[in-house]
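Written below as structure tokens is the structure these notes are about.
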Amino acid sequence: MAANIDSNPGHFQPMVGILCGHGKYHNQYLDENKKWISDRDPRATCLKDKLEILEYCRKVYPKRDIRNIVESSKYYRIDSWCKVGSGKPCKAKHYVKPYRCLEGVFQSDALLVPEHCVFDHIHNQTVCQAPQYWNRTALGNCEARNLKLLSYAMLLPCGVDIFSGVEFVCCPSASA
């Protein structure tokens, strides 16, 4: 299932796609036209360190005030991965969770709350965790209410790609 780049067509969200474990591929970044571009720099491959990913965002978006990153909550299909050193056309297709390059002062994503659904949040300034932790926390909270997790967003960064809370929407199974 490929996700839309952004439900708001007037808004551009800088993102970088990084593919590890499938051979050596060049990183991808999203241009202003919402098209994935392959970075042909031979060093632009499989980044795992969060600070390196933040620096990479700053490299590919030099005119933007990139201050943090967060892994997307959705998978995206990118159709034009280029294998390093192959010289062949860039046609590999892979699903990845790109990193969103966050600009300026952090603002949590706005979440839609459909009818019969519940909005909630968990915030603990003494706990700094990665988005995956907060996703599991939101999921468990919804399941405890016999609901399904519809969407979630991070609250208050406390480092690079670590946060001190999550907001989320839970819905009855038929709505989610």
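Take the Cα of His94, step 7 Å toward its Cβ, do the same at Cys46, and the gap between the two points is 0.9 nm. Given their separation in residues at 0.36 nm each and the Cα-Cα distance between them, Ile122 and Leu139 gain 4.9 nm when the chain is fully extended. Close amide H contacts of Ala92 (hydrogens built in the peptide plane, cut-off under 5 Å, sequence separation of 5 or more or a different chain): Trp81. For Tyr152, the accessible surface of its heavy atoms amounts to roughly 40 Å² (probe 1.4 Å, protein chains only, rounded to the nearest 10). Length available on full extension from Ala110 to Ala130: 0.36 nm per residue minus the Cα-Cα distance, which gives 5.3 nm.
For the stretch 67-80, putting each phi into the Karplus relation 6.51 cos²θ - 1.76 cosθ + 1.60 with θ = phi - 60° gives couplings of 10, 7, 10, 8, 5, 4, 7, 10, 7, 10, 8, 10, 9, 10 Hz, in residue order, rounded to whole numbers and with x for Gly and Pro. With Rh defined as the Kirkwood radius, the inverse of the mean 1/r over Cα pairs, the Rg/Rh of the stretch 20-176 is 1.02.
Within the full protein context, the accessible area of Ile162 is estimated at about 60 Å² for a probe radius of 1.4 Å. For the chain, with all protein chains in place and a probe radius of 1.4 Å, 51% of the accessible heavy-atom surface sits on carbon or sulfur. Ordered by 1.4 Å accessible area with all protein chains kept, Thr126, Thr137, Thr45 run largest first as Thr126, Thr137, Thr45.
Rolling a 1.4 Å probe over the heavy atoms of the protein chains gives the chain an accessible area of 57 Å² per residue. For Lys83, the solvent-accessible surface computed with a 1.4 Å probe is close to 90 Å², ligands and nucleic acids excluded.
Under a 5 Å amide H cut-off, with hydrogens placed 1.01 Å from N, Cys101 pairs with Met15, Val16 among residues at least 5 apart or on other chains.
The values are calculated or read from the model by the stated rules, or taken from the named source; none is laboratory data. Note that the structure is predicted; figures quoted are calculated from it, not measured. Reconstructed Cβ throughout: ideal geometry from the backbone, glycine too, with neighbour counts over all protein chains shown. For accessibility, only protein heavy atoms count, side chains too; no ligands or nucleic acids. Shrake-Rupley method; radii C 1.70, N 1.55, O 1.52, S 1.80 Å.
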